[in-house]
Amino acid sequence: MAASPTPDFTVSDADKLAIASHVVPAIMESFRAMSSEGVVTADDVIDTLSLGIATMLENDTHIRTPEDTEAAMQSVETFVNRWARRLRDGRSSPDGPSFLAKSIEKYRAELAEIEAQAAGQS
């Protein structure tokens, strides 16, 4: 990451959105199940996603110096800002449902379908 001044993307944005629409709700549901109160905070989810980013940076053999780390962190900030802007601009209206709200709804519907199929096979 730090070795290149331009992103080296090989996966389409549509594929990234599809993955995010499953991963983020799955993290939320997992935390909800782990919590004694059944509550998950945005901070917990963001911290977990940050851990994922940190593992990638820690494994990147191109990041060797404090300057490399700073450049990598600037890239991460650029990526987050890009997606935040795209998701915000993609809403049907300022008060329209967020990508996350739509993703959670779809995720829960898919889980319900899986559970219904499993119940039908029992």
Residue in the stretch 30-41 that is touching a residue at least 60 places away in the same chain (Cβ under 8 Å), part of a helix (DSSP H, G or I) and surrounded by 10 or more Cβ atoms within 10 Å (Cβ to Cβ) present: no
Close pairs from the stretch 89-114: first touching a residue at least 12 places away in the same chain (Cβ under 8 Å), partner hydroxyl-bearing (Ser, Thr, Tyr) and surrounded by 11 or more Cβ atoms within 10 Å (Cβ to Cβ), Cβ under 6 Å, at least 6 apart: Ser103/Ser21
Test set (1) free of Cβ contacts under 8 Å to residues at least 40 places away in the same chain; (2) within 22 Å of Leu17 (Cα to Cα); (3) open to solvent by less than 90 Å² (accessible area, probe 1.4 Å) - Ser75 fails condition number: (1)
One residue from Glu58, Glu70, Glu115, Glu110 being among the acidic types (Asp, Glu), in a helix (DSSP H, G or I), at negative phi and open to solvent by less than 70 Å² (accessible area, probe 1.4 Å): Glu110
Which numbered condition Asp89 misses (of (1) loosely packed, with under 12 Cβ neighbours inside 10 Å; (2) touching a Gly at 6+ places or on another chain (Cβ under 9 Å)): (2)
Out of Ile63, Ile53, sole residue that is among the hydrophobic types (A, V, I, L, M, F, W, C), under 22 Å from Phe9 (Cα atoms) and not in a helix (DSSP H, G or I): Ile63
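The values are calculated or read from the model by the stated rules, or taken from the named source; none is laboratory data. For clarity, every value in this text was computed on a predicted model and none was experimentally measured. Please note: Cβ atoms are built from the backbone with ideal geometry, for glycine as well, and neighbour counts cover all protein chains shown. Accessible surface is based on the protein model in full, side chains and every heavy atom, while ligands, DNA and RNA are left aside. Shrake-Rupley method; radii C 1.70, N 1.55, O 1.52, S 1.80 Å.
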